[in-house]
Every structure is written in C-alpha cells, then in structure tokens.
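**Q** Let me begin by handing over the structure; questions about it come next.
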Amino acid sequence: MKTAGYKLLLFAVLILSAITTRAQETQKIFLSGTGSDRTVNWQFFCTEGRNSGKWTTIPVPSNWELQGFGKYNYGLDKDSLKGREKGLYKHEFMVPANWQGKAINIVFDGVMTDTEVKINGKPAGDMHQGSFYRFKYDISKLLNYGKTNLLEVTVAKYSANPSVNNAERKADFWVFGGIFRPVFLEVFPVAHIKQQAVNARATGAFDAVLQLANAKAGTVTGQIYTLSGQKFGPVFSTKINAGDTAAHLRAAIKSPKLWSPEFPNLYNVVFTLNQGGKIVHTVKQRFGFRTVELRVHDGIYVNNVKIKFKGVNRHSFWPTTGRAMNKTQSIADVKMIKDMNMNAVRMSHYPPDDHFLDACDSLGLFVLDELTGWHGNYDTKVGAKLVHEMIAKDVNHPAIVIWDNGNEGGFNLELDHLFGELDIQQRPLIHPWTIFNGTNTQHYINYDYGTATNFHGHDVTFPTEFLHGLYDGGAGAGLDDFWELMWHTPLSAGGFIWVFADEDVVRTDKNGELDSDGDHAPDGIVGPYHEKEGSYNAIKEIWCPVRLDSREITPRFDGKLHLENRYFYTNLKQCTFSYKLTKLANPYQKIAPDTKTGTITAPDVAPGQYGYLQMALPAGWQNYDVLYMTAYGPDKRELYTWSWPITGHQAITARMVTKTGGSKPVITTTDSLYKVSANGINLEFSRNSGVLVKVKNAKGEIPFNNGPVLAEGGEKTGFKQLNYHYENNNLVVEGEFEKKANAAQLKWTIYPSGWVELAMRYWPVGEEGNLLGISFSYPEKDVKGVMYMGDGPYRVWKNRMKGVTLNVWDKKYNNTITGNPEPKIEYPEFKGYYSNLYWLKLQTTGQPVTIVCDNQDVFMRLFTPANPKKVYNTAPAFPSGDISFMNGITPIGTKSQKPEKLGTQGFPNKYFDYYRDINMALHITLYFDFSGK
C-alpha cells in the first residue's frame with residue numbers, strides 16, 4: 001500500500017506531466033496504481049463477510065479477499081447467498097481547468113463482476129457486466145474542472161446476470177471480487193482517433209482502420225518506425241470528410257522483418273489526424289508483420305510456415321494478490337515459458353493483462369486469446385459487448401494468432417460471427433474441446449485414440465488441453481511419446497499442456513495458509529511461487545528445437561553428433577554451441593574441479609532438416625567423466641544442456657572400492673544365521689532367505705538390513721539354502737535356488753577390507769512387471785539427505801526420463817507432496833526414483849552408508865513419496881522396503897488418464913527369457929561400505 005503523501009506527490013507529477021505533454025497526443029493518467037506492485041489506496045466498504053460494515057481503505061488494483069475482506073470462493077458455483085458481497089469504492093481526484101473542452105474517458109481494465117460507476121454523484125453509464133474486459137465511459141460532461149471530483153464504484157461480486165455467473169463464477173478456477181486491474185483517465189482533443197486496428201501481413205501489405213470522433217475535413221497519415229525510432233517505408237495517407245467516423249489506410253512495405261516467436265520483430269506506426277493544415281491528434285501503435293492462416297485438412301500456418309504449437313495454458317494469478325498482476329510478473333512468466341522451449345501460450349480462461357500480451361509480443365510467444373466460458377456461456381447481449389471489448393483491446397498484438405470462443409462447452413454460437421467481423425486480421429476462431437472450423441481441439445485425448453478422428457482423422461488436431469499436470473502426473477510424463485507422434489503426424493498442429501502454475505491462494509482468513517481448493521488447482525508445471533517441478537526440465541529437453549539422436553560416448557567417439565533442426569524459422573548456424581568436460585569427485589577422492597571447455601562451430605542446418613554437430617575435443621578427453629554440450633538460441637538463451645557419461649560404472653567402481661587391506665573374513669554359524677566379521681565390520685545373513693539381517697561396526701549398529709528382497713515376486717524366489725566358501729581371501733556367501741525360480745543368483749562377497757559385494761540375478765514374474773529390482777530397509781526418520789552420482793537433481797518416472805543431468809548431487813531430505821503445500825513445498829523432491837546410479841552416500845543422524853553400483857541403467861529408489869488425499873492416476877506403485885535398486889520402474893498417469901494411455905513409455909516393463917539363461921537374467925551388482933566413514 002502507498003501513503004497519502006505518496007498519492008498526492010504521484011498525482012502532482014502526473015498532472016504536471018499531463019499539462020506539459022503536447023496537446024495532440026493522448027494523455028493517460030492513472031487513478032489507481034499501475035499493478036499489484038504499485039497500488040493506490042482508495043476508500044472501501046465491504047457489505048458482508050470479513051471486515052465488512054465499515055469504511056476503511058484498500059489498495060487498487062487488488063482482489064478484496066486477499067486484502068482481508070469478504071469470502072473466498074473457488075468457483076464451480078460455490079457461492080452461498082451470504083457470500084455474495086459487494087464492494088463500495090470511493091476516490092477523489094483533481095483535473096486541471098484547461099482540460100475543459102477535451103474528450104475524457106475513465107477506463108477500467110478489469111473488475112469482478114458487476115460494476116456501477118458514478119462521477120460526482122451521477123452515473124457514468126450503464127452497469128458493466130463481465131470481469132476480464134476493458135470498459136470505459138466518456139465522463140467529459142460529469143467532471144468539475146479545476147476542482148476535486150468524486151469517483152464512486154460499486155462492485156457486485158455475484159452478477160445480476162445468470163449467464164455471467166455461468167460463464168465466470170461456475171468455472172473451474174478461483175473467483176475473486178474487486179477492481180483487480182488499473183483504472184485510468186484517457187484525455188483526447190475533441191477531434192481525435194478513438195481506436196486503431198492494424199493488419200500488417202508477411203507480404204509487407206499494411207492495412208489500418210481508424211475510428212474517428214468529431215472529425216472535420218482533412219487527412220490521416222501514417223508513418224512506420226523501427227523501435228529505435230528510424231523511419232521505415234514511406235508516409236501514407238487518406239483523406240477524410242467532416243463527420244467521418246472511420247478512416248482506412250493502406251501501404252505496401254518492402255522487405256519488413258517478420259514477427260515470430262523465434263524472431264519477434266516489432267515496429268511502431270504513428271497515425272496523425274490533420275485538420276485545417278494543423279496536427280490535431282497523434283497516436284502510436286506497436287505491431288508486427290505476420291500472416292496467420294488455418295488451412296483446412298492441412299494445418300495452421302504463420303508466415304507461410306506450418307506450425308506445431310508447443311504450448312501451455314496460463315492463468316493470470318499470484319498467491320498473494322489473486323488476479324491482480326504486474327508487468328514484472330508477466331515478463332517473468334513469459335521468460336519461464338520460453339525457457340521450457342515452448343512457443344505458445346493459451347489464455348485460460350479469459351483475456352489477460354495488457355502487459356502480458358506486450359511481453360508475448362516482445363519476447364516471442366504465440367497466444368490463443370479466450371472469451372470466458374467454462375461449460376456455461378454468456379448470453380448474446382452481454383457476450384457481444386464483451387467480444388467487442390476484448391478485440392478492441394487486443395487486436396493489434398501480433399502474438400495473438402487465434403481467438404477462442406469459450407472453453408469446454410462454454411460456447412455461444414451466436415457470437416462466432418463477431419470475431420470475423422471485428423478482427424481486421426481475420427485470425428482463425430476455435431471452440432476449445434470440440435471439433436469446429438476444421439480443427440479438432442478435444443481435451444485429454446489418449447495417445448492412440450479413435451477411428452477417423454484426432455491423429456487418425458481428417459481435421460487439424462490441436463488439443464488445447466492435454467497431459468493434465470495434477471501433482472507430479474502428466475505435463476512432462478508422456479510428453480516424449482505424444483510429441484513424437486505430433487511431430488510426425490502431418491495434420492497435428494501440436495497442443496497445450498494444462499497448466500503453467502499451481503493456483504494456490506494465500507488465505508488471509510486462515511493464517512496465510514496456501515489453499516488449492518483440494519485437487520482443483522495444484523496442477524502446474526511450476527509451483528504457486530513458480531518453483532520448478534520435475535516436468536519443467538523434461539519439457540525443456542523434449543521441446544528443445546535442437547533434437548539430438550541418442551548415442552553412446554565411447555573411446556572412439558569422433559566428436560560428431562547427429563541432430564535435427566526443429567525450429568520453424570531459424571537455421572542452426574544462427575545458434576551457438578559449447579561443450580564442457582568434467583571430472584567428478586566421490587566420497588573417497590576429493591579432487592579439485594577439473595574441467596575443459598570449448599566452443600563448437602554451429603552447423604548450417606535449415607529448419608526441418610538434419611545435419612551434424614562436430615566437436616573438436618582436446619587430446620585426453622577420454623580421461624574425463626562427463627561430457628556436457630549446451631545449445632543457445634539466436635537470442636543467446638540456453639536451449640538445453642545434454643550430458644553423456646565418458647567413464648563407465650566399472651571404472652568408477654574401481655576408483656572407489658578397496659578389496660584388500662585387512663585380514664581374511666571370519667564366518668560363524670548358528671541355526672538361522674551366518675555371522676561374518678571383516679576389518680571391524682560385523683554382518684549377519686539369514687540362512688533361511690539369504691538376506692542381510694544386521695550390520696554393526698565399532699561405532700555401533702547401522703540399521704541397513706532386510707535385503708535384498710525382490711520388488712515383485714519376492715515370495716516366490718525359490719530359495720533353497722545358503723552356502724559359503726572362500727575364494728582366496730574373500731568370503732563368498734551364496735544362495736541356492738530351485739529351477740525356474742524368480743531368483744537366479746544371490747551372491748555376497750565379503751572382502752578383507754570390509755567392503756561387501758552383492759551380485760543379484762533374477763527374472764520378473766511373468767512377461768511384464770512394473771517393479772523390477774531389489775529393496776532394503778532403512779528407517780526414514782534417521783535420514784538427513786543423500787549425496788550421489790547419477791542423473792538429477794529431479795526424480796524420474798518410466799515415462800518421464802528426460803530433463804535430468806549426470807552429475808554429483810547433494811540432496812536434503814524433504815517430504816514434499818508435489819503440488820500440495822502441506823506439509824511444505826521443497827523442490828526438487830527427495831523421495832522417488834533416480835536414474836543412472838553410480839554411487840550414493842546416505843547421510844543420516846547416525847553413521848553414513850556408501851553404496852556403489854557396478855551396473856548401467858540402475859535406478860536408485862529413495863523411500864515412498866506420500867500421496868495427497870485423492871490421487872487419481874498420479875500415485876504409481878512402489879516396492880516394499882525403503883532403499884531400492886531397480887532395473888525397471890513405474891510410469892505415472894494424469895488426473896484423467898492411466899499411464900498406459902499416454903504412449904508406449906507408459907506401458908508396463910516387459911522382459912521375457914524362455915530358456916531362463918542366467919546370463920540373460922536381470923542383474924544388479926552393488927558394493928557396500930559399512931565403515932561409517
């Protein structure tokens with residue numbers, strides 16, 4: 001909130017600016033703040049709920065629930081009669097005497113919901129209905145010039161129009177009351193340009209329609225400028241007659257730089273109204289040259305290039321301010337969306353703030369702009385007015401390439417014609433969730449869906465919602481399969497993931513508790529404060545426009561990588577590439593950082609083509625552990641960093657494991673146990689199962705035990721007996737199994753150094769299984785964290801393996817439930833599966849345990865993540881025990897789909913060996929250090 005002194009100072013500065021501004025330019029004077037980060041206090045009275053029944057102050061713009069007033073409503077028609085509060089606003093402002101004779105509008109950028117405005121006690125116009133739309137009143141005749149004026153605004157949270165409530169308040173999102181976007185005055189000369197609509201096509205053809213007020217005979221001229229202020233192209237003009245209400249200007253511009261998400265080139269056009277040889281009014285409009293076409297039975301083209309939309313849905317939302325946003329947040333959101341290598345964003349489910357569209361224009365994102373409607377729709381009278389308001393405000397943004405008439409059945413078909421009549425650019429119109437106008441935008445389709453529809457159909461497939469991101473499901477999981485199908489299906493135009501961010505609101509009525517209304521709103525790729533979840537980096541890799549073929553880095557690697565250019569407008573020679581070679585430390589080798597870096601010549605590969613990236617690696621590169629390669633776009637933004645292991649598991653094992661250095665291990669026998677001691681380490685193995693029962697050293701007991709137990713089929717191992725023998729100074733304790741048992745080998749080798757080796761071989765139960773691996777027990781309450789070498793820092797699922805990097809990671813314990821603010825959100829999560837394990841050191845309240853993995857493609861499992869109350873398909877099975885080493889893990893589903901419906905990576909693990917050849921069995925080899933070091 002701002003003080004009264006600040007308000008007066010701000011007002012004085014604005015008035016001085018207005019007086020000194022040239023008379024022919026539109027003046028814009030804010031009565032409120034400019035956004036949630038810069039507000040102005042108005043007087044306020046809430047009629048019901050918290051802090052009601054008294055006059056106080058409230059920051060404008062804001063939502064009153066977040067300021068401690070009224071009642072929270074998620075939507076879905078949860079409003080009770082007692083929750084239909086109104087907000088009464090008052091604000092005094094001065095206007096200078098020399099404004100008399102000018103045209104003055106008061107403009108509201110967004111108010112929820114019904115709004116009645118009075119100036120000096122007189123109505124400014126009819127009540128406005130509809131929350132997310134700019135509306136204005138001409139108040140020239142209501143003002144006291146050179147004196148104080150009183151603005152009074154009454155806002156009814158619940159609309160008097162049932163259709164408005166059906167479209168907005170019954171929707172599946174938070175609904176808030178109040179003036180949540182800025183309020184300002186527009187001051188014009190009497191004769192002025194009221195509004196301008198621009199159509200600048202990729203050919204250079206330029207059209208503009210200007211709405212005029214109080215025009216006399218004269219001309220309207222236009223001049224295009226670069227953003228740096230240089231004239232671009234000739235002056236163009238048209239004559240007007242007295243009383244004309246519109247002017248149409250045309251020009252042909254040679255070789256303009258086109259707008260696209262990859263190259264968001266922008267220009268300004270200045271329109272000038274001339275009367276009687278004098279300049280009466282000028283306006284400046286930012287725009288971009290680009291052409292959008294929907295070609296039925298073909299695709300969506302921008303600048304004559306067929307596009308695959310890599311998109312996400314986005315609400316205008318912040319936990320502490322609700323729908324009240326600011327420019328800084330909009331820029332940050334667009335940067336995060338682009339950082340995931342997305343090229344598009346869909347407005348869900350209402351038009352956004354102007355500053356968000358400005359950021360999409362300048363930074364480069366395709367936009368789907370949407371008329372509100374979720375299962376319910378506006379009636380024709382109100383809806384027509386809101387379509388006019390939406391297009392009038394947003395028409396000139398080059399980022400907007402498609403209009404949406406409602407969502408998921410919230411369509412009023414009687415409004416469809418207005419989009420074509422009002423939009424000078426004739427952008428395509430869609431009905432999200434259905435088949436309309438040559439597009440199939442059905443939501444949450446399966447990977448293999450239907451006959452003669454979606455990917456097997458004849459319409460342009462364009463799901464405006466797919467891969468629902470509830471909790472840790474969806475979003476990045478399944479995307480690799482979906483995207484490859486979309487990329488290679490000619491009629492696919494891509495799609496939009498649901499949704500960008502969790503919508504958790506800070507409950508000022510519940511001591512600041514974060515509330516997502518249960519399972520309605522914790523469905524973002526990022527958290528409520530935009531914390532990155534695991535799918536963030538998976539999407540970043542999958543949607544990277546530089547697509548690399550999978551390959552191994554062997555000692556004979558020649559530095560050549562095969563790649564595909566999945567940009568639409570960018571040649572890869574416009575990008576930059578670099579590499580880094582790194583040696584990694586381990587718990588026994590605290591080496592100083594050792595890296596070598598270099599640049600890579602960018603290859604000449606046109607959009608949609610294949611080529612090679614040639615690295616010139618230095619001599620001795622084979623002595624490093626990891627090769628990293630980073631690609632940067634033309635804007636120098638990192639596209640992605642890939643990592644490949646150079647040093648194999650056996651070499652890392654050899655560095656870490658010491659087998660000699662002590663006396664020959666000693667074994668004693670009881671009825672049920674083998675007791676072994678080696679170099680101060682005492683072990684007990686069950687003779688009835690072969691599992692490790694107890695571990696102890698000179699410092700005390702280490703509670704790592706009860707393993708290995710098969711993750712699936714452990715009750716059918718076919719165990720017969722446990723035997724032991726010596727191999728030189730090494731003690732071998734080995735299990736014997738029945739023929740055709742699930743277990744094929746259980747071999748413990750205890751070395752004189754005290755290191756313990758486990759070699760396990762087994763077959764899954766049947767031909768498929770979700771859980772393939774072995775487990776041990778360790779008390780979760782004693783764990784503080786883990787340091788490990790492997791892929792991270794985020795966990796993986798079988799159908800979300802991308803977005804991780806090979807490195808040494810140090811992770812602190814947390815009990816985060818993805819998307820659930822309780823008990824606490826800490827990302828990356830601790831519990832779950834981690835791929836490509838080399839070694840781990842379990843950090844505990846007692847003694848640490850170090851385990852080295854001698855196999856490729858083994859997953860580390862750390863405990864079992866807790867689940868929210870309602871899990872849908874987002875709680876895959878985990879093995880029993882606490883710490884596991886897995887050859888195969890489970891996929892994860894979405895809110896509405898089981899994982900097997902999301903693509904082949906969501907299928908169960910399959911493994912079949914008819915002859916039960918032990919060399920073909922699944923195997924895991926581990927080394928344990930129980931010394932407590």
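**Q** Under 7 Å between Cβ atoms, which residue pairs at least 6 apart in sequence (or on different chains) link something in segment 176-200 that is under 30 Å from residue 258 (Cα atoms) with a partner that is aromatic (Phe, Trp, Tyr) and crowded, with 19+ Cβ neighbours inside 10 Å?
**A** Listed by first residue and then by second, the contacts come to 193/271; 196/271; 198/287; 200/206; 200/287; 200/289.
**Q** Between 519, 504, which is at pLDDT 95 or above, closer than 30 Å to residue 67 by Cα, assigned by TED's automatic domain parsing to the domain that holds residue 299 and touching a Leu at 6+ places or on another chain (Cβ under 7 Å)? Outline the logic, then answer.
**A** Working: 519 fails: at pLDDT 95 or above.
Answer to the selection: 504.
**Q** Quick one: is residue 53 outside any strand (DSSP E or B) and without any contact (Cβ under 8 Å) to a residue 12 or more places away in the chain?
**A** Values: outside any strand (DSSP E or B): yes; without any contact (Cβ under 8 Å) to a residue 12 or more places away in the chain: yes.
Answer is yes for this residue.
**Q** How many residues does segment 96-117 contain that are under 28 Å from residue 191 (Cβ atoms) and part of a strand (DSSP E or B)?
**A** As a first pass, look at segment 96-117 and keep what is under 28 Å from residue 191 (Cβ atoms): 96-109, 117.
Restricting the remaining residues to those that are part of a strand (DSSP E or B) gives 103-108, 117.
Matching residues across segment 96-117 total 7.
**Q** Separate question: Out of 712, 736, 701, report the one residue that is of a type outside the set (A, V, I, L, M), in a loop (DSSP other than H, G, I, E, B) and touching a strand residue (DSSP E or B) at 6+ places or on another chain (Cβ under 8 Å). So that I can check it myself, show each step before the final result.
**A** On the way: 736 fails: in a loop (DSSP other than H, G, I, E, B); 701 fails: in a loop (DSSP other than H, G, I, E, B).
Sole residue among the options that is of a type outside the set (A, V, I, L, M), in a loop (DSSP other than H, G, I, E, B) and touching a strand residue (DSSP E or B) at 6+ places or on another chain (Cβ under 8 Å): 712.
**Q** Can you confirm whether segment 283-298 contains a residue that is under 19 Å from the mean Cα position of the chain (by Cα) and not assigned by TED's automatic domain parsing to the domain that holds residue 608? Break it down stepwise before answering.
**A** Restricting attention to segment 283-298, the residues satisfying the condition of being under 19 Å from the mean Cα position of the chain (by Cα) are none.
No, segment 283-298 has no match at all.
**Q** Among (1) at pLDDT 95 or above; (2) surrounded by fewer than 19 Cβ atoms within 10 Å (Cβ to Cβ); (3) among the β-branched types (Val, Ile, Thr), which single condition is residue 451 missing?
**A** Of everything listed in (1) at pLDDT 95 or above; (2) surrounded by fewer than 19 Cβ atoms within 10 Å (Cβ to Cβ); (3) among the β-branched types (Val, Ile, Thr), residue 451 misses just condition (1).
**Q** Here's a follow-up. Quick one: which of 808, 765, 804, 796 is surrounded by fewer than 20 Cβ atoms within 10 Å (Cβ to Cβ), in contact with a helix residue (DSSP H, G or I) (Cβ under 8 Å, 6 or more places away or on another chain) and not aromatic (Phe, Trp, Tyr)?
**A** Numbers: 808 fails: in contact with a helix residue (DSSP H, G or I) (Cβ under 8 Å, 6 or more places away or on another chain); 804 fails: surrounded by fewer than 20 Cβ atoms within 10 Å (Cβ to Cβ); 796 fails: surrounded by fewer than 20 Cβ atoms within 10 Å (Cβ to Cβ).
None of the other options fit; the residue is 765.
**Q** Is there a residue being buried (at least 19 other Cβ atoms within 10 Å of the Cβ), touching a Lys or Arg at 6+ places or on another chain (Cβ under 7 Å) and under 17 Å from residue 789 (Cβ atoms) anywhere in segment 594-608?
**A** no
**Q** Shifting gears a bit: Checking residue 337 against (1) in a loop (DSSP other than H, G, I, E, B); (2) buried (at least 18 other Cβ atoms within 10 Å of the Cβ); (3) of a type in the set (A, V, I, L, M), only one condition comes out false. Which one?
**A** Result: residue 337 passes all but (1).
**Q** Would segment 13-21 turn up any residue that is assigned to a loop (DSSP other than H, G, I, E, B), under 38 Å from the mean Cα position of the chain (by Cα) and modelled with pLDDT under 95? Reasoning before the result, please.
**A** Kept after step one, since they are assigned to a loop (DSSP other than H, G, I, E, B), are these residues of segment 13-21: 21.
Now drop any that are not under 38 Å from the mean Cα position of the chain (by Cα), which leaves none.
No, every residue in segment 13-21 fails to be assigned to a loop (DSSP other than H, G, I, E, B), under 38 Å from the mean Cα position of the chain (by Cα) and modelled with pLDDT under 95.
**Q** Output the strands (runs of 3 or more DSSP E) that fall wholly within segment 572-656 and possess 2 or more residues being in contact (Cβ under 8 Å) with a residue 40 or more places away in the chain and under 30 Å from the mean Cα position of the chain (by Cα), or say none.
**A** Hits in segment 572-656: 576-583, 610-614, 626-632, 638-645.
**Q** So which of 257, 284, 308 ends up being without any contact (Cβ under 8 Å) to a residue 24 or more places away in the chain, surrounded by fewer than 22 Cβ atoms within 10 Å (Cβ to Cβ) and on the phi < 0 side of the Ramachandran plot? Break it down into steps so the answer makes sense when it comes.
**A** Working: 257 fails: without any contact (Cβ under 8 Å) to a residue 24 or more places away in the chain; 308 fails: without any contact (Cβ under 8 Å) to a residue 24 or more places away in the chain.
Testing whether each residue is without any contact (Cβ under 8 Å) to a residue 24 or more places away in the chain, surrounded by fewer than 22 Cβ atoms within 10 Å (Cβ to Cβ) and on the phi < 0 side of the Ramachandran plot leaves just 284.
**Q** Of all residues in segment 235-275, count the ones that are more than 21 Å from residue 360 (Cβ to Cβ) and either part of a strand (DSSP E or B) or of a type in the set (Phe, Trp, Tyr) (or both).
**A** Pass one, segment 235-275, residues more than 21 Å from residue 360 (Cβ to Cβ): 235-255, 270-275.
Now drop any that are not either part of a strand (DSSP E or B) or of a type in the set (Phe, Trp, Tyr) (or both), which leaves 236-240, 246-252, 270-275.
Count: 18.
**Q** Taking residue 328 as the residue in question, decide whether it is part of a helix (DSSP H, G or I) and either within 23 Å of residue 67 (Cβ to Cβ) or modelled with pLDDT under 95 (or both).
**A** Numbers: part of a helix (DSSP H, G or I): yes; either within 23 Å of residue 67 (Cβ to Cβ) or modelled with pLDDT under 95 (or both): yes.
Spelling it out, residue 328 is indeed part of a helix (DSSP H, G or I) and either within 23 Å of residue 67 (Cβ to Cβ) or modelled with pLDDT under 95 (or both).
**Q** Of all residues being among the charged types (D, E, K, R) and in a helix (DSSP H, G or I) in segment 365-417, which is farthest from the chain's Cα centre (by Cα)? Just the residue, please. So that I can check it myself, show each step before the final result.
**A** Our first condition is that a residue be among the charged types (D, E, K, R); within segment 365-417, this holds for 369-370, 379, 381, 385, 389, 393-394, 404, 408, 414, 416.
Narrowing the set further to residues that are in a helix (DSSP H, G or I) leaves 381, 385, 389, 393-394, 414, 416.
Details: 381: 36, 385: 33, 389: 29, 393: 26, 394: 24, 414: 34, 416: 30 Å.
The selected residue is 381.
**Q** Given (1) within 17 Å of residue 801 (Cβ to Cβ); (2) without any contact (Cβ under 8 Å) to a residue 60 or more places away in the chain, where does residue 898 come up short, assuming only one miss?
**A** Checking residue 898 against (1) within 17 Å of residue 801 (Cβ to Cβ); (2) without any contact (Cβ under 8 Å) to a residue 60 or more places away in the chain, the one that fails is (1).
**Q** Quick one: count up the residues across segment 627-672 that are under 30 Å from residue 340 (Cβ atoms), surrounded by fewer than 19 Cβ atoms within 10 Å (Cβ to Cβ) and of a type in the set (Val, Ile, Thr).
**A** The number of residues fulfilling the criteria is 2.
**Q** From the residues in segment 915-933 that are aliphatic (A, V, I, L, M) and part of a helix (DSSP H, G or I), which one is surrounded by the most Cβ atoms within 10 Å (Cβ to Cβ)? First the steps, then the outcome.
**A** In the first step, residues of segment 915-933 are kept if they are aliphatic (A, V, I, L, M); the result is 918, 920-922, 924, 926.
Checking the rest, the ones that are also part of a helix (DSSP H, G or I) come to 918, 920.
Details: 918: 12, 920: 15.
By that ranking, first place goes to 920.
**Q** Restricted to segment 893-905, and to residues that are out of contact with any Gly (no Cβ under 6 Å at 6 or more places or on another chain) and closer than 16 Å to residue 876 by Cα, which residue is surrounded by the most Cβ atoms within 10 Å (Cβ to Cβ)? Working first, answer last.
**A** Start the filter on segment 893-905 by keeping residues that are out of contact with any Gly (no Cβ under 6 Å at 6 or more places or on another chain), which leaves 895-898, 901, 904-905.
Remaining after also requiring closer than 16 Å to residue 876 by Cα: 895-898, 901, 905.
On the way: 895: 20, 896: 19, 897: 22, 898: 14, 901: 18, 905: 20.
Top of the filtered list is 897.
**Q** Based on what the data block shows, is residue 353 surrounded by 24 or more Cβ atoms within 10 Å (Cβ to Cβ) and touching a residue at least 60 places away in the same chain (Cβ under 8 Å)?
**A** Numbers: surrounded by 24 or more Cβ atoms within 10 Å (Cβ to Cβ): yes; touching a residue at least 60 places away in the same chain (Cβ under 8 Å): yes.
The answer is yes for residue 353.
The values are calculated or read from the model by the stated rules, or taken from the named source; none is laboratory data. Keep in mind that this is a model prediction, so the values were computed, not measured. FYI the Cβ positions are ideal-geometry reconstructions off the backbone, even for glycines, and counts take in every protein chain you see.
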